[in-house]
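Reading through the structure tokens given below for one structure.
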Amino acid sequence: MPLISVCLSPALLPLYDLQASIVVAIDIFRATTSICYGIANGARAIIPVMDVSECLSYEGRGYLLAAERRGKVVEGFHAGNSPFSYTREQVLGKTIVLTTTNGTKAIQMALGAKQILAGSFLHITALARYLATREENVVLVCAGWEDHVNLEDTVFAGALIAKLGHSYALEDDAAQIALQLYHDYKDDLYQRLSDSTHGQRMQRLGLDADIRFCLQQDTITAIPVMDGDRLVELKA
């Protein structure tokens, strides 16, 4: 039986054997949620980059540039990582270059994995069904907040483990922690996760609608996968 483990922070990634694993990158508030939504809405690709200067290096080449730092759109950019910037009207047929505080960093740090997928509540059932068909070890990589552990990513990791049922064996205590947290929080995800430190940060920025959006379940089925330097829709 394949193994599933949870990396609670990108700072812990050197402890994991990514080359032999499928990685699911998780940044629920909001990068991987927006990536999943954008791909589902017809974005051709999303290129995750580490920093703002690298994002700017794509200027003038026909890309849509998006940058977020500490919950806010970086000055001079038209979009950040709010899912409301990734509607069909805004992204259909476009390639987006995206940098965020935590999510794109986690993806970049996981390069070299056997496969990298983006995870969100929006497609959790489709993601679980795909993983259940694979005989590969899986590492759920929580983006956290500036290398610190956060609740929303850990709870999503637990929710995905719960969806997978007995398809995987839990490899580490972090997976058990995530699963238990999900069971403790699942009946009131909005209240519990809006009270998290990042949820409170988003509330102060007037982003309650983003929190609610990111906690919707099974509104899409598209699964973003890294193909070279970009995320595209996984083709079964």
Every listed condition ((1) touching a residue at least 40 places away in the same chain (Cβ under 8 Å); (2) over 29 Å from Gly206 (Cα atoms); (3) aromatic (Phe, Trp, Tyr)) holds for Tyr58 save (1)
Hey, does the stretch 168-176 have a residue that's outside any strand (DSSP E or B), aromatic (Phe, Trp, Tyr) and surrounded by fewer than 20 Cβ atoms within 10 Å (Cβ to Cβ)?
-> no
Note on the stretch 127-154: residues assigned to a helix (DSSP H, G or I) and either in contact with a strand residue (DSSP E or B) (Cβ under 7 Å, 6 or more places away or on another chain) or free of Cβ contacts under 8 Å to residues at least 40 places away in the same chain (or both) are Leu127, Ala128, Arg129, Leu131, Ala132, Asp153, Thr154
Report, by residue number, each residue of the stretch 85-96 that is β-branched (Val, Ile, Thr) and either touching a helix residue (DSSP H, G or I) at 6+ places or on another chain (Cβ under 6 Å) or over 20 Å from Ala209 (Cα atoms) (or both).
-> Val91, Thr95, Ile96
Only one residue in His148, His123 is crowded, with 22+ Cβ neighbours inside 10 Å and under 16 Å from the mean Cα position of the chain (by Cα). Which one?
-> His123
Could you list all residues from the stretch 181-236 that are of a type in the set (D, E, K, R) and part of a helix (DSSP H, G or I)?
-> Asp184, Lys186, Asp187, Asp188, Arg192, Arg201, Arg204, Asp208, Asp210, Arg212
Report yes if some residue within the stretch 171-187 is among the basic types (Lys, Arg) and over 18 Å from Leu122 (Cβ atoms); otherwise report no.
-> no
Does any residue of the stretch 203-216 turn out to be surrounded by fewer than 14 Cβ atoms within 10 Å (Cβ to Cβ), in contact (Cβ under 8 Å) with a residue 24 or more places away in the chain and closer than 29 Å to Val91 by Cβ?
-> yes
Of everything in the stretch 49-84 that's in contact with a helix residue (DSSP H, G or I) (Cβ under 8 Å, 6 or more places away or on another chain) and polar (S, T, N, Q), which residue is surrounded by the fewest Cβ atoms within 10 Å (Cβ to Cβ)?
-> Ser82
Given the conditions (1) farther than 19 Å from Gly42 by Cβ; (2) surrounded by 24 or more Cβ atoms within 10 Å (Cβ to Cβ); (3) hydrophobic (A, V, I, L, M, F, W, C), every one holds for Ala128 apart from (2)
Out of the residues in the stretch 69-91 that are modelled with pLDDT of 95 or more and among the charged types (D, E, K, R), state the one that is farthest from the chain's Cα centre (by Cα).
-> Glu89
If you go through the stretch 105-115, how many residues are assigned to a strand (DSSP E or B) and crowded, with 24+ Cβ neighbours inside 10 Å?
-> 0
Collect the residues in the stretch 151-163 that are buried (at least 17 other Cβ atoms within 10 Å of the Cβ), more than 13 Å from the chain's Cα centre (by Cα) and among the hydrophobic types (A, V, I, L, M, F, W, C), keeping them in residue-number order.
-> Leu151, Ala159, Ile161
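The values are calculated or read from the model by the stated rules, or taken from the named source; none is laboratory data. From a predicted model like this one, the values you see are computed outputs, not experimental measurements. Note that we place each Cβ from the backbone using ideal geometry, even for glycine, and neighbour counts take in every protein chain shown.
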